[in-house]
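Reading through the structure tokens given below for one structure.
The values are calculated or read from the model by the stated rules, or taken from the named source; none is laboratory data. This is a predicted model, so every value here is computed, not measured. All Cβ positions, glycine included, derive from the backbone under ideal geometry; neighbour counts span all protein chains shown.
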Amino acid sequence: MTQAKADPKLQPLLTELAELIRQARQQAVRAVDTIQVQTCWEIGWHIVEFEQGGQARAAYGKKLLPTLASELTAEFGKGSMPLTCATCVCSTKLFRFVTHCVTN
């Protein structure tokens, strides 16, 4: 960090303000991370529900994830690629499996 030559009396205030800004940035990063995890899980849940249509297993060969990824990438840009969709689905299925194992 470069510091301009300010009145030395201001240094404690500048230090305090800089720390507040660092803390706020860190809190923002954590909040965004939490929202991304929640959104990913919800995306996975919706895809699994759509794909399985209330059944225990999904039909195969529909190429749902590449199609969804293509459409989402066109609208929202990179980050909606097949790997992201697949990760969402996998995390949702894993959560359901673990929940089932723990409760049964």
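Between residues in segment 23-47 that are on the phi < 0 side of the Ramachandran plot and residues that are surrounded by 11 or more Cβ atoms within 10 Å (Cβ to Cβ) and of a type in the set (D, E, K, R), which pairs lie under 8 Å by C-beta distance while being six or more apart or on different chains?
Gly44/Lys93
Go through segment 9-55 and report how many residues are farther than 18 Å from Pro66 by Cα, of a type in the set (A, V, I, L, M) and under 16 Å from the mean Cα position of the chain (by Cα).
Of the residues in that region, 6 qualify.
Go over the candidates Ala59, Ala74 one by one and state the one that is aliphatic (A, V, I, L, M) and at pLDDT below 75.
Details: Ala74 fails: at pLDDT below 75.
The unique qualifying residue is Ala59.
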